[in-house]
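The values are calculated or read from the model by the stated rules, or taken from the named source; none is laboratory data. Since this is a predicted model, take the numbers as computed values, not measurements. Backbone-built Cβ (ideal geometry, glycine too); neighbour counts: all protein chains shown.
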Amino acid sequence: GENVEQHPSTLSVQEGDSAVIKCTYSDSASNYFPWYKQELGKRPQLIIDIRSNVGEKKDQRIAVTLNKTAKHFSLHITETQPEDSAVYFCAASIRWPGSSASKIIFGSGTRLSIRP
Amino acid sequence: GAVVSQHPSWVICKSGTSVKIECRSLDFQATTMFWYRQFPKQSLMLMATSNEGSKATYEQGVEKDKFLINHASLTLSTLTVTSAHPEDSSFYICSARVAGGRNEQFFGPGTRLTVL
């Protein structure tokens, strides 16, 4: 069935270093891959997204890569700062059979801690 | 733009009672809204997709008679948890997709339900 796998579940990096979170998806028809940052008790915030016609996208310290063949996509955060500490979720769009409509399924999340 | 509100932000109720949660798109029309549930330290699990003017589509394992969804207008969807029990205590988050727009979803702030 539809599945989005995410790892690692926890990640601790030194301030200033890079953090990488990886996800895989099962539905070859998925064409939209958002990444969310969630702080405790708050709504998920979209930090970057990528569509299946693009292999890489960058926004300042954040970048996302997509390998459609392998069904992998990754989030890269460079020059990490204390305020980057949060839970990060990858997600993928899943189409309903025979329809152009889709839903978004979340990965299990990664708790990122930035050590000062 | 693209603001989604939820009401109430938190609710405490007795076991056996029903609770209604509202999700509103404030500055755009949303033909599709989504309801997620998030238990502590877990991911967002899609419960159902709410389509304006038609029946909701529920995910596998979600009881449609327990979680009643109504999407009566292009700006409002409601989730009613019927005969709530302590195991229904969770963070409920809705999201909305712009009518005629692309895949991006805009999330509400969430409703924390505690059933005593």
> Right, A:Q38: under 13 Å from the mean Cα position of the chain (by Cα) and not basic (K, R) or not?
Replying inline: yes
> Hey, A:G107 hits all of (1) within 14 Å of another protein chain (Cβ to nearest Cβ); (2) of a type in the set (G, A, S); (3) surrounded by fewer than 21 Cβ atoms within 10 Å (Cβ to Cβ) but one; which does it fall short on?
Replying inline: (3)
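Where in the range B:4-81 are there strands (runs of 3 or more DSSP E), lying fully within it, with 3 or more residues that are more than 25 Å from A:N3 (Cα to Cα) and in contact (Cβ under 8 Å) with a residue 60 or more places away in the chain?
Because the criterion is at least 3 residues that are more than 25 Å from A:N3 (Cα to Cα) and in contact (Cβ under 8 Å) with a residue 60 or more places away in the chain, the strands (runs of 3 or more DSSP E) in the range B:4-81 that meet it are B:4-7, B:10-13, B:19-25.
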> Counting just the residues of the range B:56-86 that are more than 14 Å from the chain's Cα centre (by Cα) and farther than 21 Å from B:K14 by Cα, which one comes out surrounded by the most Cβ atoms within 10 Å (Cβ to Cβ)?
Replying inline: B:L74
>> Tell me whether the range A:46-55 contains one or more residues that are among the polar types (S, T, N, Q), out of contact with any Phe, Trp or Tyr (no Cβ under 7 Å at 6 or more places or on another chain), surrounded by fewer than 16 Cβ atoms within 10 Å (Cβ to Cβ) and under 18 Å from B:E104 (Cα atoms).
In response: yes
> Where in the range A:49-116 are there strands (runs of 3 or more DSSP E), lying wholly inside it, with at least 3 residues that are among the β-branched types (V, I, T) and on the phi < 0 side of the Ramachandran plot?
Replying inline: A:62-67
> How about the range A:67-92: which of its residues are within 14 Å of chain B (Cβ to nearest Cβ) and buried (at least 22 other Cβ atoms within 10 Å of the Cβ)?
Replying inline: A:Y88, A:F89, A:C90, A:A91, A:A92
>> Against the condition surrounded by 19 or more Cβ atoms within 10 Å (Cβ to Cβ), within 14 Å of chain A (Cβ to nearest Cβ) and either among the aromatic types (F, W, Y) or in contact (Cβ under 8 Å) with a residue 12 or more places away in the chain (or both), how does B:S90 come out, does it pass?
In response: yes
> Restricting attention to the range B:99-116, which residues are surrounded by 19 or more Cβ atoms within 10 Å (Cβ to Cβ), more than 12 Å from chain A (Cβ to nearest Cβ) and either at pLDDT below 90 or more than 17 Å from A:L40 (Cα to Cα) (or both)?
Replying inline: B:V115
>> Yes or no: the range B:7-22 includes at least one residue that is within 18 Å of B:T111 (Cβ to Cβ) and within 11 Å of chain A (Cβ to nearest Cβ).
In response: yes
> Which residues, taken from the range A:19-28, are part of a loop (DSSP other than H, G, I, E, B) and either free of Cβ contacts under 8 Å to residues at least 24 places away in the same chain or surrounded by 13 or more Cβ atoms within 10 Å (Cβ to Cβ) (or both)?
Replying inline: A:S26, A:D27
